[in-house]
Amino acid sequence: MPDFLFSEWFFYVCSAVYFSTIISISYIILKENRTPVRSLAWISVLFFIPFFGLIFYLFFGRSIKNKALISKRLKKRFAHKAPIRQADISKLSLSEESRQQIRLGHALSGATYFPGNKVDIFTSGEKMFSALCRDIEEAKVSINMQFYIFNDDTLGIALSNLLIKRAQEGIKVRIIYDHVGCFGVKKQYFKRMAAAGIEVNPFFKVTFPEFATRVNWRNHRKVTIIDNRIGYIGGMNVADRYVTGDRNGMWRDTHIRITGPSVYGLLHTFHTDWAFMELPQFDDGEDPAEFLSRRDGDSGIQILSSGPIGQWHNIALMFEKAIAGAKKCIYLATPYFLPTDSLMTALQAAALSKVDVRVLIPRKPDSSMMKLASGSYIADCLRAGIKVYFYEAGMLHAKTIVIDDEFFTTGSTNFDFRSMEYNFECNAFIYDRAINKQMKEAFYADLEQSTRITSATWRRRPFFQKFKESCVRLMSPVL
């Protein structure tokens with residue numbers, strides 16, 4: 001066959017294969033029934049930027065929603081393991097808004113409302129990790145721990161040494177870490193713990209050829225359960241910057257320590273992630289009846305998980321409901337402010353209804369891209385009367401929402417697309433006036449180290465700054 005005929009034949013075959021692939025992927029996108037704007041955006045990218053669009057879609061556009069990533073057998077085992085009946089919500093001495101919020105959490109994921117918990121709040125990484133290490137030192141049976149990031153720095157090594165010591169003393173230690181979050185950590189860090197008898201496992205390990213199918217989905221949860229009676233949840237990872245800061249200053253974050261029946265909710269989350277990785281299930285003697293009988297304090301708590309699987313974006317819907325039900329105030333702190341359309345609309349509607357809505361974000365976040373993307377939403381907030389503040393004392397990494405007089409939530413969930421749609425997240429939803437008051441005071445203390453942004457100031461940004469923000473905003477769903 002002449003060379004020119006072969007070249008022509010090869011071109012037609014490649015074109016046919018390529019366009020068949022594009023059409024097939026477009027069909028898949030349409031079948032997923034996403035929002036029309038998002039579906040049209042992906043199809044446009046595929047057709048107008050063919051090669052790069054296809055690569056971009058494989059990494060960031062695929063959906064695993066509604067896929068059965070946990071077997072029916074394990075789901076049945078969970079059902080038998082957790083025969084906990086939801087309390088009569090109508091008899092709780094809470095506002096109607098809180099009762100509706102609790103019903104929503106239960107409807108979304110079966111999240112049980114647990115009364116009788118004690119909550120200790122940490123806004124200092126040094127104090128939190130000191131308390132955590134004390135509890136690890138005193139553990140009698142088990143330590144189950146998962147963090148998005150375990151850094152092999154001073155704090156990370158000290159924690160691993162302590163866990164190794166406890167494992168060698170007969171305590172059962174299990175660790176889940178996010179493989180993407182720990183890309184920069186030396187393998188020897190985890191191998192050393194595994195060699196000491198700790199069960200160390202990466203969540204959704206990214207390997208070839210599965211790289212493109214997994215890199216976009218991350219386990220962002222920060223949960224620890226000790227002896228099935230002490231739980232930790234919040235925004236802190238295992239890294240020096242939460243204790244000693246970095247070149248931009250201290251890292252301000254929020255983490256809580258829980259004792260009481262809601263620790264069972266944290267344990268169930270850990271069990272679910274353990275099952276997700278197809279690891280043998282464990283039983284450290286947890287008894288649902290024993291959990292329910294505990295009364296360590298006065299706080300009512302729901303533990304709610306969310307992720308890219310399942311029917312709903314659980315935590316996003318909980319946020320929307322809480323914001324929509326606000327009557328007095330909404331105080332939101334987040335390191336990255338990239339709200340979905342529905343969350344932005346909810347905030348704007350609240351502010352226009354004369355609810356005191358305040359959004360606190362860092363002046364210098366740890367990502368220049370995230371700073372640009374967050375900046376693009378500030379004008380939308382200011383137009384509706386939302387008060388926006390830049391935290392000046394370092395990196396604000398707290399993820400908290402305080403609403404009215406008895407609602408508070410914290411956990412791993414950022415106020416951005418990634419947390420709402422792509423990450424595996426976990427939050428504690430707390431219904432307690434004393435905790436609400438304590439977190440309002442913490443928010444006010446942060447405001448004293450912050451600068452309020454006015455419309456006049458924001459309009460004076462250089463044109464090129466506004467242009468960069470608008471461009472990066474287009475990438476908000478995948479940042």
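The values are calculated or read from the model by the stated rules, or taken from the named source; none is laboratory data. On a predicted model such as this, the values are computed, not experimentally measured, just so you know. As a convention, Cβ positions derive from the backbone with ideal geometry for all residues, glycine included, and neighbour counts pool all protein chains shown. The protein model used for the area step is the full one, side chains on, heavy atoms only, and it has no ligands, DNA or RNA in it. Shrake-Rupley method; radii C 1.70, N 1.55, O 1.52, S 1.80 Å.
Using the Cβ-Cβ distance between GLN465 and ILE157 with R0 = 51 Å, the FRET efficiency computed as 1/(1 + (r/R0)^6) comes to roughly 0.80. Summed over the residues of the range 273-404 and divided among them, the accessible surface reaches 36 Å² per residue at a probe radius of 1.4 Å. Summing charges over all other residues whose Cβ lies under 13 Å from the Cβ of ARG192, with Lys and Arg as +1 and Asp and Glu as -1, gives +3. Of the residues ASP296, ASP283, ASP240, the one with the largest accessible area comes first in the ranking ASP283, ASP296, ASP240, computed with a 1.4 Å probe on protein heavy atoms.
Ranked by the mean number of other Cβ atoms within 10 Å of their residues, highest first, the peptides 394-405, 148-159, 111-122 fall in the order 394-405, 111-122, 148-159. Here the 3J(HN,Hα) profile of the range 99-113, calculated from phi with Karplus coefficients 6.51, -1.76 and 1.60 at θ = phi - 60°, is 5, 5, 4, 5, 4, 4, x, 5, 5, 5, 9, x, 5, 7, 7 Hz, Gly and Pro shown as x. Listed peptides 184-191, 97-104 appear in the order 97-104, 184-191 once ranked by packing, highest mean of other Cβ atoms within 10 Å at the front. About its Cα centre, the dipole of the range 237-344 is roughly 720 debye, where the only charges are +1 on Lys and Arg Cβ and -1 on Asp and Glu Cβ. Surface listing: SER109, SER368 arranged by accessible area from highest to lowest gives SER368, SER109, probe 1.4 Å. Applying a DSSP loop filter and a limit of 14 other Cβ atoms within 10 Å to the chymotrypsin sites (Phe, Trp or Tyr not before Pro) in the range 276-314 leaves PHE282, TRP312. By the compact-protein rule of thumb, 2.2 N^0.38 Å, the alpha-carbon radius of gyration of the range 254-395 corresponds to a ratio of 1.32. Placing dummy labels 7 Å off each Cα toward the beta-carbon, the span from ARG452 to ARG295 is 4.4 nm. Of all aspartates and glutamates in the structure, those lying under 16 Å Cα to Cα from LYS172, and not within fewer than 8 positions of it along the same chain, are ASP135, GLU137, GLU138, GLU199, ASP227, ASP283, ASP284, GLU286. When the listed pairs LYS364/LYS468; LYS91/LYS399; LYS140/LYS205; LYS321/LYS354 are checked against a 25 Å cut-off, the alpha-carbon distance exceeds it for LYS91/LYS399; LYS140/LYS205.
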